[in-house]
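Here the structure comes first, spelled out in structure tokens, and everything after it is commentary.
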Amino acid sequence: MSDASATTRPAPRTFEASDMAYIAVFAALIAALSVMPAIPVGGLGVPITLQTLGVTLTALVLGPWRGAAAVALYLLMGTAGLPIFAKGKAGLAPWFGPTVGYLIAFVVCTIVVGLISRRILRNGLQKLTWLWLTLTVFACRVLIMYPLATIGMAITLKKPIMELVAADLVFWPGDLLKTIVAVVVALAIFKAFPRLMHR
């Protein structure tokens, strides 16, 4: 390889001070939305919260790696004892309760949604960008979040999978609404700060 080609190779992407600030801000956003009043649903012990709205917005705006870092920081703070999990819970207990599948899915979905959304946003905002982002997020919920959540509830609650799948349908309308809100807010952020789409 010639020296000229070596000198024109782009430098590897590294985390900067601004990245750390974004990670901290979005971790705090997820925490704030998580502790807002929850709506109890049945006897599964999994309430309807705005937690997933925060996670989705983080994935869309920060992308896969900074987004995953923000979600991981949020989970670390909650596990360390800050009462920022759903219903103000903290510590290790949520990792052994019916919401454990959701906690794991938050990181996985953030990476997947972040990767796909970056490809969608590669050429900037287009007429159908909102639709592709909405479909991406909701497909991730159906194919990744709901299965992991159901498995977590089946293990901790010792209930049949199919019974939990049917019970999980109650979350779908609210999750679709939260998906649309997250996409609308993310697009507004991109219009105000276009450089975030290409980082």
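Structural remarks
- Residues with amide H under 5 Å from that of residue 48, placed H, sequence gap 5 or more: 39, 41
- Trypsin sites (Lys or Arg not before Pro) restricted to region 64-152 and DSSP loop, no more than 13 other C-beta within 10 Å: 122, 127
- Most fluctuating residue given options 50, 135, 148, as computed from a GNM of the chain linking Cα atoms under 10 Å: 135
- Dimensions of region 52-130 along the principal axes, based on C-alpha atoms and rounded to the nearest Å, stand at 44, 20, 16, largest first.
- D (Stokes-Einstein, µm²/s), Kirkwood Cα radius, region 107-179, 1.306 mPa s at 10 °C: 117
- Note, ³J(HN,Hα) from phi for region 62-67, Karplus 6.51, -1.76, 1.60, rounded to Hz, x at Gly and Pro: 8, x, x, 8, 5, x
- Its DSSP H runs of at least 4 residues, each contributing -39,500 (n - 2.57), put the calculated 222 nm mean residue ellipticity of the chain at -21500 deg cm²/dmol, to the nearest 500.
- Partners for residue 178 among lysines (Cα-Cα distance below 25 Å; same-chain residues under 8 apart left out): 87, 89, 127, 191
- Shape of region 146-192, Cα gyration tensor, a/c cut at 1.5: prolate
- Percentage of interatomic Cα-Cα distances in the chain larger than 27 Å: 32
- Per residue value of the accessible surface for region 82-191 (all protein chains in place, 1.4 Å probe), Å²: 52
- Cα-based reach from residue 159 at 19 Å (exclusive), listing lysines while leaving out same-chain residues under 8 positions away: none
- Summarising the amide proton neighbourhood of residue 91: residues at separation of 5 or more, or on other chains, whose placed amide H is nearer than 5 Å comprise 79, 80, 81, 82.
- Percent accessible area from carbon and sulfur atoms, the chain, protein chains only, probe 1.4 Å: 75
- Angle between the chain longest axis and helix 129-140 axis [Cα atoms, degrees, rounded to 10]: 50
- With Cα atoms, 0 to 90° folded angle of helix 172-192 axis to the chain main axis: 20
- Ordering of 159-167, 67-75 by burial proxy (mean other Cβ atoms within 10 Å per residue, highest first): 67-75, 159-167
- Estimated FRET transfer efficiency when R0 is 35 angstrom, pair residue 21-residue 177 (beta carbons, to 0.05): 0.75
- Residue among 31, 105, 139 with the largest mean-square fluctuation in a Gaussian network model of the chain, springs linking Cα atoms under 10 Å: 139
- Folded to 0 to 90 degrees: helix 17-34 orientation relative to the chain principal axis, Cα: 20
The values are calculated or read from the model by the stated rules, or taken from the named source; none is laboratory data. All figures in this text were calculated on a predicted structure; none of them were measured in a lab. Glycine gets a Cβ as well: all are built from the backbone with ideal geometry, and neighbour counts include every protein chain shown. Only protein heavy atoms, including side chains, enter the accessible area calculation; ligands, DNA and RNA are left aside. Shrake-Rupley method; radii C 1.70, N 1.55, O 1.52, S 1.80 Å.
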